[in-house]
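Shown next, in structure tokens, is the structure this report addresses.
The values are calculated or read from the model by the stated rules, or taken from the named source; none is laboratory data. In this text, all values refer to a predicted model and were calculated from it rather than measured experimentally. Cβ coordinates were reconstructed from backbone atoms using ideal geometry, including for glycine residues, and neighbour counts include every protein chain displayed. Heads up: the accessible areas ignore ligands, DNA and RNA and are worked out on the full protein's heavy atoms, side chains in. Shrake-Rupley method; radii C 1.70, N 1.55, O 1.52, S 1.80 Å.
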Amino acid sequence: MKMLPEPFKIKVVEKIQLTPRTERENLIRKAGFNVFNLPAEKVYIDLLTDSGTSAMSDNQWAGIMLGDESYARSRNFIHFEATIQKITGFKHVIPTHQGRAAENILFSTLVKKGDIVPNNIHFDTTRANVVHNGGKPLDLVIQEGLNPESEHPFKGNMDVQKLKKTVEEAGADRIPVVMMTVTNNSGGGQPVSMENVRRVSDVLKVHKIPFFLDACRFAENCYFIQQRESGYRHKTIAEIARELFSYADGCTMSAKKDALVNIGGFLALNDDSLTQKLKDRLILTEGFPTYGGLAGRDLEAIARGLEEGLDEDYLRFRIGQVRYLGELLIEAGVPILKPPGGHAIYIDAKQFAPHISQSQFPGQALIVALYREAGIRAVEIGSLMFARKDPDTGETVYPDLELVRLAIPRRVYTNLHIEYVAEAVINLYKNRDRLKGLRLTYEAPALRHFTARLEEVA
Ligand SMILES: *Cc1c(COP(=O)(O)O)cnc(C)c1O
């Protein structure tokens, strides 16, 4: 058997529907060839993001009914706090409404103008929050992490030599915190090894620099460690997670990923005086420190989801499903980033449609075709998202990679849905010379990919 059956049975269903081809054609035109403008109900398989799109379990929904909406120290907060303390080993737990709120509170407290904040690769929101507070985000991922063909088992690792050099040159007092993103989302959902986390931690301890994990996908990362790193095959995911967190001083987390919920986040850390400062700031923007912008029922769903996210049967299915999609595409010769990461498959659109120049958005051309032909929604991570005008020369600078990300929501789609997606991509690949380039008709001054409008080039 190629794939193990899903480790769950289905108790509640949500209807999805493939709208007719002619309707999809009208809708994508009306949307200005931007899938962010499509009504979600008109999407058949939605692979826009894995964030906040998980299916909750019966156990989590039961927890929702046990929501205690008391303002302070609700029973759900007590469960939430105890669960996170048990999983991470950190002393203090601060809820926030999502991951970026945790980052905002941490960076606005720690980062001063001119400071440097290294990471393997910053996610958009951590990068933006560092910059917003006057800091300079620095990406120190290993060289293999930037090579789409490299099969390195831990492409999310940080280059420890580069980190040492950065600390020597900048001085420890200009580095208020070092982050490590597990798994490395912006680098293709690639994991970080335990050894690398330990070595980074050793360097930072010498210089007394705080070390925080961006822990959104920590459980998926721990599964990769169990499967790929020597010495971990016989440890449970919970044991591996506990060791991973033990090398750090704290973490930020978007519960919309590995906590299997639709909204929520938190900070967890050991330092007493920093915790006090963070809580003071939290009260200003998110709410009282025992709910942080969430309802009691949300805290309960997160506490239960975190435990379920560590379950090995679930993780084997989860990581296996993403790999399955990758393998089906590789077998058919479709160019993708290798090896498949934890939460998504990334198609190399430059290789997929070499006849479309970067100025005509080959990734977006593929996105449009996926919706038009199969009702699938994916996201472009290429020129539409990242191309920039050089302020000095006025020339457009294009990103190195033109990617189309197929992000897989957790526990939402069956392996048959995955096969449908693979078949659609493979059919497009066979007819790739028919893909048409696009040009912009509207762009906003910042984060233009969300609201851009385009038209097809004849
Ligand atoms: C999603 C994500 C965030 C931000 O979390 P939100 O809940 O979307 O605010 C931060 N870091 C990484 C690695 C993420 O994937």
Please enumerate the residues belonging to segment 42-97 that are within 20 Å of L282 (Cα to Cα) and among the β-branched types (V, I, T). I78, I84, V93, I94, T96
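For every residue, the table says whether it meets (1) at pLDDT 95 or above; (2) in contact with a helix residue (DSSP H, G or I) (Cβ under 8 Å, 6 or more places away or on another chain).
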position: A62; (1), (2): yes, no
position: F80; (1), (2): yes, yes
position: Q85; (1), (2): yes, no
position: F107; (1), (2): yes, yes
position: H122; (1), (2): no, yes
position: R127; (1), (2): no, no
position: H132; (1), (2): no, yes
position: F154; (1), (2): yes, yes
Among the helices (runs of 4 or more DSSP H) contained in segment 362-456, which hold 3 or more residues that are within 19 Å of R323 (Cα to Cα)? 415-430
Can you say whether E239 is surrounded by fewer than 19 Cβ atoms within 10 Å (Cβ to Cβ), of a type outside the set (A, V, I, L, M, F, W, C) and under 17 Å from G89 (Cβ atoms), as far as the supplied structure shows? yes
Say we look at segment 99-126 and pick out the residues that are open to solvent by 30 Å² or more (accessible area, probe 1.4 Å) and more than 16 Å from the ligand (Cβ to nearest atom); which of these is nearest to G296 (Cα to Cα)? T109
Residues G333, G382, G363: which one is more than 24 Å from E443 (Cα to Cα) and small (G, A, S)? G333
Among residues of segment 340-382, those that are within 20 Å of the chain's Cα centre (by Cα) and more than 21 Å from I28 (Cβ to Cβ), counted: 8
Identify, by number, the condition in (1) touching a Gly at 6+ places or on another chain (Cβ under 7 Å); (2) among the hydrophobic types (A, V, I, L, M, F, W, C); (3) modelled with pLDDT under 95 that M1 doesn't meet. (1)
Complete set of residues in segment 200-220 that are more than 12 Å from the ligand (Cβ to nearest atom), open to solvent by 10 Å² or more (accessible area, probe 1.4 Å) and either in contact with a Lys or Arg (Cβ under 8 Å, 6 or more places away or on another chain) or closer than 25 Å to P148 by Cβ (or both): V203
Against the condition more than 15 Å from the ligand (Cβ to nearest atom), open to solvent by 70 Å² or more (accessible area, probe 1.4 Å) and within 18 Å of P176 (Cα to Cα), how does S230 come out, does it pass? no
State whether the residues of segment 78-98 include one that is within 16 Å of the ligand (Cβ to nearest atom), in the same structural domain as Q276 (by TED's automatic domain parsing) and of a type in the set (G, A, S). no
State the number of residues belonging to segment 127-185 that are over 30 Å from E327 (Cα atoms) and either within 15 Å of the ligand (Cβ to nearest atom) or not charged (D, E, K, R) (or both). 24
Return the total of residues in segment 355-385 being of a type in the set (S, T, N, Q) and open to solvent by 10 Å² or more (accessible area, probe 1.4 Å). 4
Criterion: open to solvent by 30 Å² or more (accessible area, probe 1.4 Å) and at positive phi - qualifying residue of G264, G287, G293: G293
Residue hits (segment 1-27; farther than 18 Å from V322 by Cβ and of a type in the set (D, E)) are E14, E23, E25
Evaluate the following for I345: is it open to solvent by 10 Å² or more (accessible area, probe 1.4 Å) and in contact with a Gly (Cβ under 9 Å, 6 or more places away or on another chain)? no
Residues of segment 303-319 classified as among the small types (G, A, S) and closer than 13 Å to I345 by Cβ, total: 0
Are there any pairs with C-beta distances below 6 angstrom linking a residue in segment 261-274 that is assigned by TED's automatic domain parsing to the domain that holds G293 to a residue that is of a type in the set (D, E) and within 16 Å of the ligand (Cβ to nearest atom), with the two at least 6 apart or on different chains, and if so which? G264/D298
Condition broken by I64, with the remaining ones in (1) among the aliphatic types (A, V, I, L, M); (2) assigned by TED's automatic domain parsing to the domain that holds L282; (3) within 22 Å of the chain's Cα centre (by Cα); (4) more than 16 Å from the ligand (Cβ to nearest atom) satisfied: (3)
May I ask you to list pairs of residues, at least six apart or on different chains, whose Cβ atoms are under 7 Å apart, with the first in segment 66-86 being over 15 Å from G292 (Cβ atoms) and open to solvent by 70 Å² or more (accessible area, probe 1.4 Å) and the second being acidic (D, E) and in a helix (DSSP H, G or I)? L66/E300
